[in-house]
Amino acid sequence: MKGSEKPYIILNAAMTIDGKIASKTGDPELSDEDDWKDVHKLRTQVDAIMVGKQTIIKDNPKLHIKYYEHKGYYRVVLDSNLTIPLDSNVIIYKQDVYPTIICTIENIPLEKIKKYESKNIKIIKSGKGKRVDLLKLMPLLFKQGIKSILLEGGGNLNWSFIKNDLIDEIRLTIAPWIVGGKEAISLVEGEGFSKMIESPRFKLSNIINRNNYVILNYKKE
Ligand SMILES: NC(=O)c1ccc[n+]([C@@H]2O[C@H](COP(=O)([O-])OP(=O)(O)OC[C@H]3O[C@@H](n4cnc5c(N)ncnc54)[C@H](OP(=O)(O)O)[C@@H]3O)[C@@H](O)[C@H]2O)c1
C-alpha cells in the first residue's frame, strides 16, 4: 500500500488445535470467559471491529463490550451486495455507541443503499469488482478516522487480508480440543498460496498458557 495510509490491522481469532474457528454446523463456541475478557479489552483499544458478511449471517454477533467501560468504536461489515438482514444485531443494537459501517462495491443499486441508510448505517463503496476491494478500502477507512482495526474473521475474509499482506499483528487463542470436518471453517480459507515462500511471515511476540488454553501473539516480520 505504498503512498497511502492504512489502519493497523490485528487479526483476532479462537481456533481448535486443528485450526477450525467453528464446527461443521457453524458452532463458534470456542472461548472461555477469561478469553472473552481479553478480547473485549482488546476491543477497547481499537477504532473498529471488522467482520465478513457470513459471520453476521451465521452468528449474528453484537460486537459490543461487556466487561469494561469504554467510549465505543465502529463496527465494519464487508458485504459486497448488501444482503445482511436489516434486523441483524449490528444494525439494531446500540448504533449510538457502536456505529456500523457496511462496505460494498461501487455499482450497488441506490435503492439497496437507502434501505440501510434509513437504519443509520453508513455505506462505503470500494472497487468495481464482485467483492469489496480491500486495498482501496483501507485508505477510505483511515480517512474516516479508523487508525486501527480488530479483524474478527471469518476464514474467508481472513484469507483476503493475508493474500493482500495487510495483517500487522495476530492474536490467536487455541482451545484444547479437535473438532475436525472438511466443511468446518478454518482460520484462513480461500485458495491459499502455492508455496510456503509466498506467504507473509510473522514473529512470535508472546505466549500465554492459561486454563489449558494457549494464547499466541505474532507481529509482522
Ligand atoms: N472462532 C473465531 O474466532 C471466529 C471469528 C469469526 C467468525 N468465526 C466463524 O467463521 C464463520 C464465518 O466465516 P466465513 O469464512 O464463512 O465467512 P466470513 O469471512 O465471515 O465472510 C465472508 C464473506 O464476506 C464477504 N466479503 C466482502 N468482501 C470480501 C473480501 N474482499 N474478501 C472476502 N470476503 C469478502 C463475502 O460475501 P459477498 O461476496 O457477498 O460480499 C464473503 O462470502 C462462522 O461460522 C463464524 O462462526 C469464528
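The values are calculated or read from the model by the stated rules, or taken from the named source; none is laboratory data. Note that the structure is predicted; figures quoted are calculated from it, not measured. Cβ: placed from backbone, ideal geometry, glycine included. Neighbour counts: every protein chain shown.
Among the numbered conditions (1) buried (at least 17 other Cβ atoms within 10 Å of the Cβ); (2) in contact with a Gly (Cβ under 7 Å, 6 or more places away or on another chain), the only one that SER80 does not meet is (2). Taken over region 16-25, the criterion of being within 12 Å of the ligand (Cβ to nearest atom), in contact (Cβ under 8 Å) with a residue 24 or more places away in the chain and more than 15 Å from ILE170 (Cα to Cα) is satisfied by THR16, LYS20, ALA22, SER23, LYS24.
Note on region 175-195: residues that are within 20 Å of LEU157 (Cα to Cα) and within 11 Å of the ligand (Cβ to nearest atom) amount to 8. Inclusion of GLU189 among residues that are under 28 Å from SER88 (Cβ atoms) and either surrounded by fewer than 17 Cβ atoms within 10 Å (Cβ to Cβ) or under 17 Å from the mean Cα position of the chain (by Cα) (or both) is warranted. Within region 7-64, if we keep just the residues that are part of a helix (DSSP H, G or I) and among the polar types (S, T, N, Q), the residue that is farthest from the chain's Cα centre (by Cα) turns out to be THR44. Flag not set for LYS6, criterion: basic (Lys, Arg) and at pLDDT below 95. The set of residues in region 29-46 being surrounded by 17 or more Cβ atoms within 10 Å (Cβ to Cβ) and more than 28 Å from LYS147 (Cβ to Cβ) consists of LEU30 alone. Of everything in region 138-168, what is crowded, with 19+ Cβ neighbours inside 10 Å, aliphatic (A, V, I, L, M) and farther than 20 Å from GLU198 by Cβ? Give them in sequence order. Within region 138-168, MET138, LEU141, ILE146, ILE149, LEU150, LEU151 meet the criteria. Of all residues being in a loop (DSSP other than H, G, I, E, B) and within 26 Å of ASN107 (Cα to Cα) in region 84-94, which is nearest to the ligand (Cβ to nearest atom)? Just the residue, please. Ranking the candidates gives ILE84 first. The one condition from (1) of a type in the set (D, E, K, R); (2) under 30 Å from THR100 (Cβ atoms); (3) surrounded by fewer than 12 Cβ atoms within 10 Å (Cβ to Cβ) that ARG131 does not meet is (3). Checking each residue in region 68-83 for being more than 8 Å from the ligand (Cβ to nearest atom) and of a type in the set (Val, Ile, Thr) picks out VAL76, VAL77.
Can you pull out the residues in region 26-67 that are more than 15 Å from the ligand (Cβ to nearest atom) and among the aromatic types (Phe, Trp, Tyr)? TYR67, the sole residue that qualifies.
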